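We did not get these values from a lab; they are worked out from the coordinates using the rules stated. Remember, it's a predicted structure, so these values are computed and weren't measured experimentally. Quick reminder, even Gly has a Cβ in these numbers, built from the backbone with ideal geometry, and neighbours come from all protein chains shown.
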Amino acid sequence: MDLSEQELTLDDLQNGYFIYQLKDGFRFGVDAVLLSDFAEIRKGETVLDLGTGTGIIPILLAAKTEGKSFTGLELQERCVAAAEKSIGFNKLNGRVNVVCGDIREAAGIFERESFDAVVSNPPYMADKDGKHSGDPTRAMARHEVFCSFEDVAKAAAALLKSCGRFYLIHRPQRLAEIINTLTRFRLEPKRMRFVHPYADKEPTMVLIECLKGGKQGMNVESPVIMYERG
């Protein structure tokens with residue numbers, strides 16, 4: 001799919017790279033930046049981003065780590081086309097790529113147990129919760145329209161190598177459900193970090209690292225405080 005320049009913006013990521021985004025679609029937020037900073041990718045590792053959108057997390061990880069390859073899986077063709085333009089613009093071909101496909105079919109798209117790490121910034125809201133955006137790219141990014149968190153966890157578990165790591169960001173309000181789902185798929189939470197808008201406010205996001213087949217035992221790290229009051 002070809003996208004015209006009139007459909008896109010080219011935004012500076014302030015790290016030597018740029019990203020094309022849809023003018024009329026979902027645009028990445030601070031949660032993608034937080035997740036890419038939280039994920040610990042080692043030299044030579046292969047990484048999969050489930051629901052990559054326009055490819056922001058693979059590009060950020062390629063900029064800050066020595067990982068070997070970064071693959072994004074995305075259902076929406078327009079987002080995939082934008083991601084491909086960003087990969088070419090940044091000369092990341094061969095290290096970053098994006099595949100058009102459904103998370104629910106990920107275990108058939110990729111070889112099982114073939115990734116060292118999987119990352120995901122999944123939709124935060126259940127399909128029935130809240131008002132859906134009229135724009136399909138925003139609706140799919142915010143609500144579990146085409147996949148549930150269980151679908152994401154199941155895909156991560158199938159595609160991770162033994163002792164591979166799964167990194168995600170989500171809403172604290174769903175934490176009990178999230179941990180229950182992760183452990184059912186043998187994704188044991190090992191690190192957790194809450195994100196607060198201000199030091200005296202409740203957390204609005206939570207970052208989690210899981211180990212496939214890991215033993216019980218988790219560290220809760222110091223919180224991220226986004227803003228200081230003037």
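Can you sort K190, K64, K154 from fewest to most other Cβ atoms within 10 Å of each residue's own Cβ?
Listed from fewest to most nearby Cβ atoms, that is K64, K190, K154.
As a test of the formula, what do you get for the chain when each DSSP H run with n ≥ 4 contributes -39,500 (n - 2.57) and the sum is divided by the residue count, at 222 nm and rounded to the nearest 500 deg cm²/dmol?
-7500 deg cm²/dmol
Net charge near I57: determine it from the other residues with C-beta under 13 Å of the C-beta of I57, scoring Lys and Arg +1 and Asp and Glu -1.
Neighbour charge sum, excluding I57 itself: -3.
Could you work out the local net charge near E113, counting Lys and Arg as +1, Asp and Glu as -1, over the other residues with Cβ closer than 11 Å to its Cβ?
So the environment of E113 carries a net charge of +1.
Percent antiparallel among DSSP beta bridges with both residues in the chain, to the nearest 5?
Of all bridge pairs located within the chain, approximately 45 percent are antiparallel.
Starting from the exponent 0.38 and prefactor 2.2 Å, build the expected Rg for the chain from its residue count and divide its actual Cα Rg by it.
0.97
Might you report the magnitude of the Cβ-based charge dipole of region 165-230 about its Cα centre, with Lys and Arg at +1 and Asp and Glu at -1, to the nearest 20 debye?
340 debye
So, in nm, how far is label N180 from label D24 when the simple model puts each one 7 Å beyond its Cα toward the Cβ?
4.1 nm
Taking GluC sites (Glu not before Pro) as candidate sites, keep only those in a DSSP loop with at most 10 other Cβ atoms within 10 Å, then name the longest stretch of the chain containing none of them.
112-227
Please order V220, V99, V80, V118 by the number of other Cβ within 10 Å, starting at the fewest.
With the sparsest Cβ surroundings first, the list reads V220, V99, V80, V118.
Which lysines, if any, have their Cα less than 21 Å from the Cα of K161, not counting same-chain residues under 8 positions apart?
Cα-Cα hits under 21 Å: K43, K68, K190, K212, K215.
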